[in-house]
Amino acid sequence: MSEAEAPAAVPSDPSVAPRPIAPRHVAIIMDGNGRWAASRGLPRAEGHRRGVEALRRTVRAAGELGIGFITIFSFSSENWSRPVSEIRDLMGLLKRFIRHDLADLHKSNVRVRIIGDREGLDRDIKSLLDEAEELTIGNDGLTLVVAFNYGARQEIARAAKHLAAEVAAGRLTLDAVTPEAISARLDAPDLPDPDLVIRTSGEQRLSNFLLWQSAYSELVFLPIFWPDFDRAALEEAIAEYRRRERRFGGLIARTGS
Ligand code: FPP
């Protein structure tokens, strides 16, 4: 049969249906580790440990789906108020994740970036974060952005402080204080804004995550706990994103892509 005669492919079997086109940048609030554990009578630490497994699945799926950037909220500026033992567990998981997974991420051409405040972090954590960025700096596959000791208001305040210092030093005029000038002083100014922000666990808020960058992001809230997140859940969120109309404040709709 020539190409002209070939019938248009109308997939009836969902397993062969075309995959949704991936958004360029997906940001994820990985919520519900504690509730996942509690609902099984397990310690919270086990929920976090299973959360790291979900993260590994997600990074793999993101690469397969052609997502360019994935930002994960791994430890917030506010998480320091948790019990010391839980903070120790979370720090231990981050260290183990970098020590064990960095070589694989590097082999998979993943570039690791870190956002958040690195001042005042333990030296071993800081040097692991630096090492992850330095080792993978030349990779041009998926970019995995780890938001660690991160709070969006703190990030915006840091940018404002830089700008204020430049104005005070006479290097910038007041008129140069624009949204673009603030964007340029955020923690990773070269990254595109997230197209899609996913939060698991059923909570419907941003909790101080990427407040500036998510001005026009589509928000998708999934009713599952983070340790249960997998490729199917990611595809479900992307399918929902694709159904949204993005107008960026204008009148002309652009469907998610
Ligand atoms: C929210 O669950 C999750 C976190 C506070 C941290 C997410 C951390 C991980 C997935 C593991 C560590 C990360 C890396 C990069 C190794 P929660 O404890 O708030 O759950 P709850 O709301 O049900 O109590």
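The values are calculated or read from the model by the stated rules, or taken from the named source; none is laboratory data. Quick caveat, the model's predicted, so the values are computed rather than measured. Note: ideal-geometry Cβ built from the backbone for every residue, glycine included; neighbour counts use all protein chains shown.
Numbers below:
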read-out: Failed item, numbered, when ARG99 is tested on (1) at pLDDT 95 or above; (2) surrounded by fewer than 16 Cβ atoms within 10 Å (Cβ to Cβ); value: (1)
read-out: Contacts under 8 angstrom Cβ, first residue in the stretch 26-49 being on the phi > 0 side of the Ramachandran plot, partner within 7 Å of the ligand (Cβ to nearest atom) and of a type in the set (A, V, I, L, M, F, W, C), 6 or more apart; value: GLY32/PHE225; GLY32/TRP226
read-out: Meets criteria (surrounded by fewer than 11 Cβ atoms within 10 Å (Cβ to Cβ) and touching a Ser or Thr at 6+ places or on another chain (Cβ under 9 Å)) for GLU180; value: no
read-out: Members of the stretch 141-186 that are among the charged types (D, E, K, R) and at positive phi; value: none
read-out: Close pairs from the stretch 78-105: first without any contact (Cβ under 8 Å) to a residue 60 or more places away in the chain and more than 19 Å from VAL145 (Cβ to Cβ), partner near the ligand (Cβ under 8 Å from one of its atoms) and among the basic types (Lys, Arg), Cβ under 8 Å, at least 6 apart; value: GLU86/ARG44; ASP89/ARG44
read-out: Counted residues, the stretch 67-91 - those being more than 16 Å from ASN33 (Cβ to Cβ) and either within 10 Å of the ligand (Cβ to nearest atom) or of a type in the set (Ser, Thr, Tyr) (or both); value: 3
read-out: Qualifying residue in the stretch 152-169 (condition: farther than 23 Å from PRO23 by Cβ and under 16 Å from the mean Cα position of the chain (by Cα)); value: no
read-out: Selection count where residues are part of a loop (DSSP other than H, G, I, E, B) and aromatic (Phe, Trp, Tyr), scope the stretch 220-256; value: 3
read-out: Close pairs (9 angstrom Cβ cut-off, 6 or more residues apart or separate chains): exposed (fewer than 10 other Cβ atoms within 10 Å of the Cβ) in the stretch 114-138, of a type in the set (S, T, N, Q) anywhere; value: GLU119/ASN149; GLY120/ASN149
